Amino acid sequence: MRVEHHLRNLKESLEEVEAAVEKGVLLRQRTIGFHTSAACVDMLEIYLHKKNLIPLSFILKHEWFASKNKIQEKVSFPFSRKDEILSLISKVELKRNILCYGKQQPEQDIEELLHHFNSLRNIMEELGVFDE
């Protein structure tokens, strides 16, 4: 997928996460689970495309990040801050399904996921993901 499409999808996910936080994280845990996961993958794909590390036909799948072995297999090449980035995405992904499909989670758990997500977002901003 082209970078422009990822940027459009990322913008939508960021808007949804912000709206969910404004509404109340306990009222929108499912939205937070879906959109933080999707945004993490979009940010990484944008970065990897911009660095010409993956072809446009390469698609990252969010579920890979729930398995350390799978993500190391699929994203075996080096890039800036790789370990930190993959760790943060994995922390978001490991909470995704419980937020999306499980019972209501404690507010602290949702806030922790948002902290990991925002840390990733800050790294991606530093790496130029949001620069057009």
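If you take the Cα centroid of the stretch 62-132 and the Cα centroid of the stretch 4-31, the two points sit 15 Å apart. Compactness check for the chain: Cα Rg over 2.2 N^0.38 Å is 1.01. As a proxy for reagent exposure, THR31, THR36 were ordered by neighbouring Cβ count within 10 angstrom, fewest first; the result is THR31, THR36. Could you tally the net charge around SER13, taking each other residue with its Cβ under 12 Å from the Cβ of SER13, Lys/Arg +1 and Asp/Glu -1? My count for the surroundings of SER13 gives -2. When MET1, MET124, MET43 are sorted by how many other C-beta atoms sit within 10 angstrom of their C-beta, beginning with the fewest, the order is MET1, MET124, MET43. Ordering CYS100, CYS40 by the number of other Cβ atoms within 10 Å of each residue's own Cβ, fewest first, gives CYS100, CYS40.
For the stretch 3-126, the dipole from Cβ point charges (+1 on Lys and Arg, -1 on Asp and Glu) about the Cα centre works out to 400 debye, to the nearest 20. Hydrophobic, long helices, defined as DSSP H runs whose alpha-carbon span along the helix axis is 18 Å or greater and whose mean Kyte-Doolittle value is at least -0.5, occur in the chain at 29-50, 82-101.
Once C-alpha pairs closer than 8 Å and six or more residues apart are averaged by separation and normalised to the residue number of the chain, the relative contact order reads 32 percent.
Put a plus charge on the Cβ of each Lys and Arg, a minus charge on the Cβ of each Asp and Glu, and nothing anywhere else: the dipole of the stretch 34-75 about its Cα centre is then about 120 debye.
Every number here is computed from the coordinates shown, using simple stated rules; none is lab data. Note that the structure is predicted; figures quoted are calculated from it, not measured. Cβ: placed from backbone, ideal geometry, glycine included. Neighbour counts: every protein chain shown.
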